Amino acid sequence: AKQQHHGFRRFSPDTAMESADRLTLLGDLRRALTDTEQFTLHYQAKIRLDTGELVGVEALARWSHPTKGPIPPGQFIPVLETTSLIHPFTERVLTIALQQARGWLNSGHRVPVAVNLSTRSLLDETFPDRLATLLDATGVPGDLLCIEITEHTVLADPSTTIEALNQVRALGVKTSIDDFGTGYSSMTYLKLLPVDELKIDRSFVADMVTDPSSHALVAAAVDLAHNLGLTVVAEGVEDAATADALNKLSCDTAQGYHFARPVPAPELAQRFLAVLS
Ligand code: C2E
Ligand code: CA
Ligand code: CA
Ligand code: CA
C-alpha cells in the first residue's frame, strides 16, 4: 500500500529511520537507473470478454534489487515520483515496452501495449517530444501504444492534463483513465478528457458478484463509458462468475488473475501469441 502521511510528522527515532531508509532507497534507485538489468517489465493480458481473444497487454514495472530481491512497484514508484528520477524511469519503461512491441511486430503480431504514466511525467512539457522520438526510434506505430493515467493525475492539473493528452493523441497514441471511480473527478472531467478508454478500478470489480452496490457502480461505469464513446476495461477479474457478470453488462474487455497474471514477455507470447519455435 502507498505510504501517505497527512499533516505534520513528529520527529522520532522511527521517522528518522524511515527517512534514512528512503534515502537508501533513492540511492539504490539512482544506481538501478544506470544498470540495464534491474528494471524489467511484466505483461498482463487484456482479454475481449465476448470472444476471449487477446486485445493487448499492460506493461507493469518490476524491480529486482541486487541484494533485497524483488521490490513491488507500489513501494518504489511513489518514491521515484517525489524526485526527477521519475523522468529517466518513465523513459526506461517506455523504451522497453516499445522495443517489445517492435519485437512482436517483427514476429508478425500487432500487440497493443499499455504503459502506466506518472502524473509528473505527463505534466512534463518535454514529454510529448520524448515520446515522439521513442516511437520514431523503435518504428512502432502510435496506435500500438496506450498511455494509462489515473483520475488523480487529472485532478492535479486538469488543463495541462488535457493539453498533454491532446499532444499524445496527435501521435496516434491511445489514452486511458486508470482506476476509474476512485478519484471523484469522474463526472466533471470525463466529458472534457481526450481519452479512448476507461478502466474500472479493481475495488468495484472484485466484489460485484456478491455486492449489489458494486454491481450497480460497475454497470453505471460501463454505460457511462459507452455513452461517451469509450472502450471500457474491468481490472482485477479473479473468477469466471465475475467475467460472466461483466460480459452480461456488455463490458468490452477485462484483465485479472482469472485470465492471466502479469508475466515476462516470452511467457506471454508462448501462451497468447502461439509463437512457433
Ligand atoms: P495498476 O496500473 O492499477 O495495475 C494493476 C495492478 O493490479 C498490478 O499490480 C497488477 O499486477 C495487479 N493485478 C492484476 N490483476 C489482478 C487481479 O486479478 N487481482 C489482484 N488482486 N491484483 C491484480 P502491480 O504490478 O503491483 O502494480 C501496482 C501499481 O504500480 C500499478 O497499478 C500502477 O499504478 C503502478 N505501476 C506499475 N508499473 C508502473 C510503471 O511502469 N510506471 C508507473 N508510473 N506506474 C506503474
Ligand atoms: Ca494501470
Ligand atoms: Ca488500475
Ligand atoms: Ca490501481
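Things to note:
- Filter result for LEU117 (within 15 Å of ligand 1 (Cβ to nearest atom) and either closer than 26 Å to GLU267 by Cβ or open to solvent by 30 Å² or more (accessible area, probe 1.4 Å) (or both)): yes
- Applying the condition of being free of Cβ contacts under 8 Å to residues at least 12 places away in the same chain and within 24 Å of VAL263 (Cβ to Cβ) to the stretch 76-111 and asking which residue is least open to solvent (accessible area, probe 1.4 Å) yields GLY108.
- Answer from LEU123, LEU165 - the residue that is of a type outside the set (Gly, Ala, Ser) and closer than 18 Å to PHE89 by Cβ: LEU123
Let's see how each residue does on (1) within 24 Å of ARG271 (Cα to Cα); (2) under 16 Å from the mean Cα position of the chain (by Cα); (3) not aliphatic (A, V, I, L, M):
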| residue | (1), (2), (3) |
| --- | --- |
| GLY56 | yes, yes, yes |
| ARG62 | yes, yes, yes |
| ILE77 | no, yes, no |
| GLU81 | no, yes, yes |
| ARG92 | no, yes, yes |
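- Looking only at residues in the stretch 204-213 that are more than 15 Å from ligand 1 (Cβ to nearest atom) and in a loop (DSSP other than H, G, I, E, B), the one that is least open to solvent (accessible area, probe 1.4 Å) is ASP211.
- Total residues in the stretch 102-138 satisfying the condition of being within 16 Å of ligand 4 (Cβ to nearest atom) and of a type outside the set (A, V, I, L, M, F, W, C): the figure is 3.
- Screening the stretch 17-33 for residues that are modelled with pLDDT of 95 or more and open to solvent by 90 Å² or more (accessible area, probe 1.4 Å) and picking the one that is nearest to the chain's Cα centre (by Cα) gives ARG30.
- Per-region count, the stretch 214-249, residues open to solvent by 50 Å² or more (accessible area, probe 1.4 Å) and within 16 Å of ligand 2 (Cβ to nearest atom): 1
- Scanning the stretch 49-68 for residues that are out of contact with any strand residue (DSSP E or B) (no Cβ under 9 Å at 6 or more places or on another chain) and closer than 28 Å to VAL237 by Cα yields ASP50, THR51, GLY52.
- ASP201 over 29 Å from GLY103 (Cβ atoms), open to solvent by less than 50 Å² (accessible area, probe 1.4 Å) and touching a Gly at 6+ places or on another chain (Cβ under 6 Å): yes
- When we screen VAL237, VAL209 for residues that are within 16 Å of ligand 4 (Cβ to nearest atom) and modelled with pLDDT of 95 or more, the only hit is VAL237.
- Filtered residue count, the stretch 152-194, keeping only those that are within 16 Å of ligand 4 (Cβ to nearest atom) and open to solvent by less than 20 Å² (accessible area, probe 1.4 Å): 8
- Filtered residues of the stretch 195-206 (kept if within 16 Å of ligand 4 (Cβ to nearest atom) and touching a strand residue (DSSP E or B) at 6+ places or on another chain (Cβ under 9 Å)): GLU197, LEU198, LYS199, ILE200, ASP201, ARG202, SER203, PHE204, VAL205
Each row is one residue, and each column tells you yes or no for (1) charged (D, E, K, R); (2) in contact with a strand residue (DSSP E or B) (Cβ under 8 Å, 6 or more places away or on another chain); (3) modelled with pLDDT under 95.
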residue: VAL111; (1), (2), (3): no, yes, no
residue: ALA114; (1), (2), (3): no, yes, no
residue: SER121; (1), (2), (3): no, no, no
residue: ALA137; (1), (2), (3): no, no, no
residue: ASP143; (1), (2), (3): yes, yes, no
residue: CYS146; (1), (2), (3): no, yes, no
residue: ALA156; (1), (2), (3): no, no, yes
residue: ALA164; (1), (2), (3): no, no, no
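- Cross-chain or 6+ apart pairs with Cβ under 7 Å, the stretch 243-262 first and closer than 17 Å to ASP179 by Cα, then assigned to a helix (DSSP H, G or I): CYS251/VAL222; ALA254/ALA243; ALA254/LEU246
The values are calculated or read from the model by the stated rules, or taken from the named source; none is laboratory data. What you are looking at is a predicted structure, and each value in this text was computed from that prediction instead of being measured. Every residue, glycine as well, gets a Cβ built from its backbone with ideal geometry; the counts of neighbours run over all protein chains shown. Heavy atoms of the whole protein, side chains included, go into the accessibility calculation; ligands, DNA and RNA do not. Shrake-Rupley method; radii C 1.70, N 1.55, O 1.52, S 1.80 Å.
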